[in-house]
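S.K.: What follows is a single structure, and I will ask about it in a moment.
The values are calculated or read from the model by the stated rules, or taken from the named source; none is laboratory data. For clarity, every value in this text was computed on a predicted model and none was experimentally measured. So basically every Cβ, Gly included, is an ideal-geometry build from the backbone, and we count neighbours across all protein chains shown. Surface accessibility is based on the protein's heavy atoms, side chains included, excluding ligands, DNA and RNA. Shrake-Rupley method; radii C 1.70, N 1.55, O 1.52, S 1.80 Å.
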Amino acid sequence: LVDVIACEDTRHTRQMLQAYGLERPAHQLLAVHQHNETEAAQVVLQRLAQGERVAYVSDAGTPAISDPGARLVQAVRAAGHRVLPLPGASSVTTLLSAAGITGEGFVFRGFLPSKAAERQHAVQALVQESRAVVVLEAPHRIAALAEALALLGERPVTVGRELTKQFEQIVRLAAQDLSAWLAERPEHQRGEFV
């Protein structure tokens, strides 16, 4: 029913639409991703001001949770337009549901700092945290995160790799064993991590 679909990646969205028999011409797909979200939000606002209906679709998660979309939502709301969420798969809730977390709940930390000293400081803070902590990581930094998390010793870590996607994998192991698990197979270091 929408006039335009804003997409994290137009190729992925086109594949999804085709799977449901919903063909859309290229001019009805607008790229809105982490590198252009602020500028692309202005295009969305122009279309909304013209009375068009716009949907935003992220690749394999929920917009504005572990995917782009927060800046777009802020701009749309600030302009006085309605935001109607239709949540999709979320790697955060997917992993939490498979981890068996009990007790005090969880804390969502997102991505820890990329600089080694800042990341180590953030991990030191996790030592005192009694609740489960949800952390996201990219494949090119997962080995560094695993090294930093080794400080947590026997504390259990549930790793979700490529959650809600074709090559999804979930493992549970001690924090000190994460580096060794990553080194076991090359595919263990591929994809997005929770």
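S.K.: Whether any residue in the range 116-123 is out of contact with any His (no Cβ under 7 Å at 6 or more places or on another chain) and touching a residue at least 40 places away in the same chain (Cβ under 8 Å) is what I want to check.
M.R.: Checking the range 116-123: not a single residue is out of contact with any His (no Cβ under 7 Å at 6 or more places or on another chain) and touching a residue at least 40 places away in the same chain (Cβ under 8 Å).
S.K.: So, of the residues in the range 138-161 that are closer than 12 Å to Gln189 by Cα and aliphatic (A, V, I, L, M), which turns out to be nearest to the chain's Cα centre (by Cα)?
M.R.: So, considering only residues that are closer than 12 Å to Gln189 by Cα and aliphatic (A, V, I, L, M), the one nearest to the chain's Cα centre (by Cα) is Ala138.
S.K.: Kindly list, by first and then second residue, each pair from a residue in the range 145-166 that is of a type in the set (A, V, I, L, M, F, W, C) to a residue that is in a strand (DSSP E or B) and open to solvent by 60 Å² or more (accessible area, probe 1.4 Å), limited to pairs with Cβ atoms under 9 Å and residues at least 6 apart or on different chains.
M.R.: So the pair list comes out as Val157/Arg172; Val159/Ile170; Val159/Arg172; Leu163/Ile170.
S.K.: I've got another one for you. For the range 83-110, give me the residue count where each residue is among the hydroxyl-bearing types (Ser, Thr, Tyr) and either more than 12 Å from the chain's Cα centre (by Cα) or farther than 28 Å from Ala6 by Cβ (or both).
M.R.: 2
S.K.: Moving to a separate point now. Going by what's in this entry, would Leu22 be described as free of Cβ contacts under 8 Å to residues at least 12 places away in the same chain, farther than 19 Å from Pro63 by Cα and out of contact with any His (no Cβ under 6 Å at 6 or more places or on another chain)?
M.R.: The answer is yes for Leu22.
S.K.: Please go through the range 157-194 and give me each residue that is of a type in the set (A, V, I, L, M, F, W, C) and closer than 29 Å to Met16 by Cβ, ordered by number.
M.R.: Val159, Leu163, Phe167, Ile170, Val171, Phe193, Val194
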